[in-house]
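Every number here is computed from the coordinates shown, using simple stated rules; none is lab data. Note that this is a predicted model, so its numbers are computed, not measured. Glycine also receives a Cβ, built like all others from the backbone with ideal geometry; neighbour counts cover every protein chain displayed.
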Amino acid sequence: MNMMTAMVMVLAPCSSERAWDLLVEVSQHSNVELRDVAATLVATTKGQELPQAIRREWRRALRHLHTLERR
């Protein structure tokens, strides 16, 4: 999971703690196991698209992150 946290930190510049929170948030809101969320993110580096539920929750989580940063 450290690799996944690092990948999230690159995609959405944030701390490792916040990256972990984003992964957990996407997992919970998309009702997909955390390990599967991680696997699908890795698969995107090989040209695969994110499943719609994960993509939707990822966008929502990123918007939430940016809202928090503006405060």
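Data table
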{"read-out": "Angle between the chain longest axis and helix 52-70 axis [Cα atoms, degrees, rounded to 10]", "value": "20 degrees"}
{"read-out": "Crossing angle, helix 2-11 versus the chain [Cα axis fit, 0-90 degrees, rounded to tens]", "value": "60 degrees"}
{"read-out": "Residue exposure sequence - LEU11, LEU50 - by fewest surrounding Cβ within 10 Å", "value": "LEU11, LEU50"}
{"read-out": "Taking the chain and dividing mean pair separation by its residue count, relative contact order in percent (alpha carbons under 8 Å, at least six apart)", "value": "28 percent"}
{"read-out": "Hull-based mean projected area of the chain, where the convex hull spans the alpha carbons, in square nanometres", "value": "4.3 nm²"}
{"read-out": "Debye, to nearest 20: dipole size of the stretch 4-71, +1 on Lys, Arg Cβ, -1 on Asp, Glu Cβ", "value": "280 debye"}
